[in-house]
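See below for the structure under consideration.
The values are calculated or read from the model by the stated rules, or taken from the named source; none is laboratory data. What you are looking at is a predicted structure, and each value in this text was computed from that prediction instead of being measured. Methodologically, a virtual Cβ is constructed for each residue, glycine included, from the backbone with ideal geometry; neighbour enumeration extends over all protein chains shown. Calculation scope for accessible area: heavy atoms of the full protein, side chains included, ligands and nucleic acids excluded. Shrake-Rupley method; radii C 1.70, N 1.55, O 1.52, S 1.80 Å.
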Amino acid sequence: NTEKNMAHYDRKVLARQTAAKQEKKKDVLNIIFAAVIIVCIAALLIISPILKRREAFREYFTINGEAVSELEFNFHKTNLINNNAQILQYMGMTSYEDLDSMMYDEQAGISWSDYFTERAAVSIKENKALIADAKAKNISLDVNAEYKKYMEQLTEEAKSMEMTLDAYLTSMYGAPEKTLKDIMKDNITALLYSEKLSETYAASDADAQAEYDSKKDEYDSVDYRVLPFMAAITSD
């Protein structure tokens, strides 16, 4: 009844007020919706790197109870492949797909990728042993200085490729410097300690000569091969 008795002007005013309220409500909802989208995008930007980092650092295998991440494993495998790049190219391998398809050992069914996978595991095992031994003996190694030189070298390589250092490292190893730093420092520690051990235990030329002179029969050797040629020979 109230609506029927309402004047035409009053109905227009009420309609405008109602429309204004609806529009205002719509604007508020749009702002809330936009804010929610922004928060979701921000959360994704924050969470995505964390998830990628967790994925990269997930346990790949263990050595003496110490976890080796997939990122660390890939770092060593990539280094081994890069160090043998010229030989691999000479053999006709120019991509990672070639490493998967070309056989290192046909009979055993081992591809070149399998070979480098095995070598990477051995390399990491040796590194862990060297690092543990150096730590146990409190050996002082100038790792930071060597790391700085290594980063300078990688930076120059990145510049030659017209890339930033982080972009270059990510393309090579799958992560930027900040993420790879501890892995690279561990690798440098193992290399420096290995060199130190070689210097410590290496025999001098005079010692080597004296050892040889005293045991020539043990050290001298002759390599030979027997090649049988089958022929049709009669009994007489």
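Overview of results
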{"item": "Single residue of region 101-120 satisfying the filter (more than 14 Å from Thr78 (Cα to Cα) and not hydrophobic (A, V, I, L, M, F, W, C)) that is most open to solvent (accessible area, probe 1.4 Å)", "result": "Gln107"}
{"item": "Unmet requirement for Ala35, which otherwise passes all of (1) at pLDDT 85 or above; (2) open to solvent by less than 70 Å² (accessible area, probe 1.4 Å)", "result": "(1)"}
{"item": "Pick from region 169-198, criterion open to solvent by 30 Å² or more (accessible area, probe 1.4 Å) and hydrophobic (A, V, I, L, M, F, W, C), ranking: farthest from Phe75 (Cα to Cα)", "result": "Leu197"}
{"item": "Residues that are part of a helix (DSSP H, G or I), of a type in the set (A, V, I, L, M, F, W, C) and either within 17 Å of Asn82 (Cα to Cα) or under 10 Å from the mean Cα position of the chain (by Cα) (or both), drawn from region 163-185", "result": "Leu169, Met172, Leu180, Ile183, Met184"}
{"item": "Checking Asn83 against (1) farther than 19 Å from Tyr173 by Cβ; (2) modelled with pLDDT of 85 or more; (3) open to solvent by 70 Å² or more (accessible area, probe 1.4 Å), the condition it does not meet", "result": "(1)"}
{"item": "Yes/no for Ala210 being in a helix (DSSP H, G or I) and more than 28 Å from Tyr96 (Cβ to Cβ)", "result": "yes"}
{"item": "Condition met for Lys196 (in a helix (DSSP H, G or I) and either closer than 30 Å to Ser95 by Cα or touching a Pro at 6+ places or on another chain (Cβ under 9 Å) (or both))", "result": "no"}
{"item": "Failed criterion for Asn127 (all others in (1) under 17 Å from Ser194 (Cβ atoms); (2) polar (S, T, N, Q); (3) over 20 Å from the mean Cα position of the chain (by Cα) hold)", "result": "(3)"}
{"item": "Restricting region 121-154 to residues that are under 25 Å from Thr170 (Cα atoms) and basic (Lys, Arg), the residue that is surrounded by the most Cβ atoms within 10 Å (Cβ to Cβ)", "result": "Lys128"}
